[in-house]
Amino acid sequence: MAAPPDMEPSPALSLELLPTDPLLLILSFLDYRDLVSCCYLNRRLNQLSSHDPLWKRHCKNYWLISDEEKSRRKEGWRAIFISTYSDLGRYIHYYATLKKAWDDLEQFLGQWCPRMIGSLKESVREEDLDAVEAQIHCKLPDDYRCSFRIHNGQKLVVPGLMGSMALSNHYRSEDLLDIDTAAGGFQQRLGLKQCLPLTFCIHTGLSQYMALESVEGRNKYEIFYQCPDQMARNPSAIVMFITGTSYLEWFTSYVNKVVTGGYPIIRDQIFRYVHDKDCVATTEDITVSVSTSFLPELSSVHPPHYFFTYRIRIEMSKDALPENACQLESRYWRITNAKGDVEEVQGPGVVGEFPVISPGKVYEYTSCTTFSTTSGYMEGYYTFHCLYNKDRFFNVTIPRFHMVCPTFKVSTA
């Protein structure tokens, strides 16, 4: 319907006429890239998108800049974002995740493993990472580079940042390698072509490697332990126990396990035993819990020989009566592999000891087992006798605990 002849048309809506506050509210929902684009549209949007509080959210989300750090730097939020982006912009999708992981890990280490703090190395520069790429003739993934812009691994010391494992005659502790040491161990030999070591154990020589290219049956950026194929005619043929699909996933999942208490801290070291929360059994006043770990350095796929270690914690309730104190007499194990084959083991004590358990006391020990299949489980019981009633014997249940070999691949070398 046509407008009446005496009515004038409404003036065109102009950006200059819109009030500032609603526009700032709209801009506050934009990502940093869209906010930058607004700077080039017109003078009004250029002025509004430079409004300093708009950049606070981006500084916090992408660079983890706190109000305290802003005060120390004596710069505005926009200036901080731009200066940080000019240095770390290529890592904007990784930086916040990795920086938080490192911050959480440092805070945890400061409380539980203070010796390790001194082993961490300062960050490296972009030109240092570029020089390594030129040295090995391979590109480093951005998530790996980003992590080393925060911390350049650690010194070759014991204990290692990436976890320890100990048996009576075997010890492993993995250091997170600095960039120069990693580059020095870069592999071009058959079986490990274009693989960069991430960790190293001084005692065993064991490393976790990251594949920088998809060759010899590996996916690009996959992380693995190498294991010789003892039955292959080609001596360079290896089996790879996969531990991660990317550096970001590998490192952050490990840190999360550490800082949430998923790994026990023993003598100022992180021990890589995994505890299933359901793997707990209580008999009268005594609770038994189990954690397990796979040892790739003692395992083999060809021939099949999968080595596991387990750590058992036996604890009597602190509310138990003193006369309930008792001593472990013997153990019974029922061991079942993935084929359903069963082995039964019975013997005196545990690891040559006959521990006494009293109210509030804890006894822990470590032992090991092997399977010819990639998985299996154990269960059983301990027999105790009462210290104040030598004629009374009773069994304490050991909960069923499963052990599973990590995913593995055979090299096509």
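At 222 nm, what value in deg cm²/dmol follows for the chain if DSSP H runs of at least 4 each add -39500 (n - 2.57) and the sum is divided by all its residues, to the nearest 500?
-7500 deg cm²/dmol
Between residue 157 and residue 181, what length in nm is gained on full extension when 0.36 nm per residue of separation is reduced by their alpha carbon distance?
7.3 nm
Given axes a ≥ b ≥ c from the Cα gyration tensor, I'd like to know whether region 250-396 is rounded (a/c under 1.5), prolate (a/b larger than b/c) or oblate.
oblate
By its C-alpha gyration tensor, with a ≥ b ≥ c as the square roots of the eigenvalues, how is region 59-101 shaped: rounded for a/c under 1.5, else prolate for a/b larger than b/c, else oblate?
Oblate shape, in that a/c is at least 1.5 and b/c is the bigger or equal ratio.
Go ahead and run the numbers for FRET between residue 284 and residue 390, Cβ-Cβ distance against an R0 of 30 Å, rounding to 0.05.
0.95
Below 12 angstrom from the Cβ of residue 85, what's the summed charge of the other residues (Lys, Arg +1; Asp, Glu -1)?
Neighbour charge sum, excluding residue 85 itself: +2.
What whole-number distance in Å separates the alpha-carbon centres of region 69-84 and region 285-323?
Using only Cα atoms to place each centre, the spacing works out to 50 Å.
Report the net charge of residues surrounding residue 291, where surrounding means a beta-carbon distance below 11 angstrom and charges are Lys +1, Arg +1, Asp -1, Glu -1.
+2
Please compute the length gained on full extension between residue 402 and residue 213, using 0.36 nm multiplied by the number of residues separating them and subtracting their Cα-Cα distance.
Full-extension gain reported as 64.6 nm.
Could I have the simple spin-label model distance between residue 34 and residue 266, label points 7 Å from Cα toward Cβ, reported in nm to one decimal?
With each label placed 7 Å out from Cα toward Cβ, I get 5.3 nm.
Rounded to the nearest Å, what's the spacing between the alpha carbon centres of region 337-413 and region 118-153? Just the number, please.
Region 337-413 and region 118-153 have Cα centres separated by 43 Å.
Long-range amide H contacts for residue 152: which residues qualify at under 5 Å (H placed 1.01 Å from N, peptide plane, sequence gap of 5 or more or a different chain)?
Those qualifying (amide H under 5 Å, at least 5 residues apart or on another chain) are 121, 122, 123, 124.
For residue 289, what accessible area in Å² do you get when you roll a 1.4 Å probe over the heavy atoms of the protein chains, rounding to the nearest 10?
For residue 289, solvent-accessible area is about 20 Å².
Label region 113-182 by shape, choosing from rounded, prolate and oblate, from the square roots a ≥ b ≥ c of the eigenvalues of the Cα gyration tensor; if a/c is under 1.5 it is rounded, and otherwise prolate applies when a/b is larger than b/c, oblate when it is not.
Since a/c reaches 1.5 and a/b is larger than b/c, the shape of region 113-182 is classed as prolate.
Apply the Karplus parameterisation 6.51 cos²θ - 1.76 cosθ + 1.60, with θ equal to phi minus 60°, to every residue of region 186-193 and state each ³J(HN,Hα) to the nearest whole Hz, in sequence, with x for glycine and proline.
In residue order, the calculated couplings are 4, 9, 10, 6, 4, x, 9, 4 Hz.
What is the spin-label model distance, in nm, from residue 167 to residue 245 if the labels are put 7 Å beyond Cα along the C-beta direction?
3.2
In nm, give the distance between the simple-model label positions of residue 321 and residue 139, each being 7 Å from the Cα along the Cα-to-Cβ direction.
Once both label points are built, they end up 7.3 nm from each other.
Can you send over the solvent-accessible area of residue 139, 1.4 Å probe, protein chains only, in Å² to the nearest 10?
Residue 139 exposes around 140 Å² with every protein chain in place.
Of the candidates 237, 134, 211, which one comes out as most mobile in a Gaussian network treatment of the chain with C-alpha springs shorter than 10 Å?
For the chain, modelled as a Gaussian network with Cα springs under 10 Å, the answer is 134.
For a protection proxy built on the mean count of beta-carbon atoms within 10 angstrom, sort 197-208, 347-358 highest first, please.
Highest to lowest by the protection proxy: 197-208, 347-358.
Of 60/121; 74/155; 257/318; 277/318; 60/99, which ones are farther than 23 Å apart at the Cα?
60/121; 74/155; 257/318
Whole-Hz Karplus ³J(HN,Hα) for region 220-235, in order, using 6.51 cos²θ - 1.76 cosθ + 1.60 and θ = phi - 60°, x for Gly and Pro?
Calculated HN-Hα couplings, in order: 4, 6, 5, 10, 7, 8, 9, 9, x, 8, 6, 9, 7, 6, 7, x Hz.
Which residue fluctuates most in the GNM of the chain (Cα springs below 10 Å): 167, 25, 54?
Evaluated over the chain, the most mobile residue of the options is 25.
The values are calculated or read from the model by the stated rules, or taken from the named source; none is laboratory data. Everything quoted here is computed from the prediction, not taken from an experiment. All Cβ positions, glycine included, derive from the backbone under ideal geometry; neighbour counts span all protein chains shown. Surface areas here come from the heavy atoms of the whole protein model, side chains and all, with no ligands, DNA or RNA. Shrake-Rupley method; radii C 1.70, N 1.55, O 1.52, S 1.80 Å.
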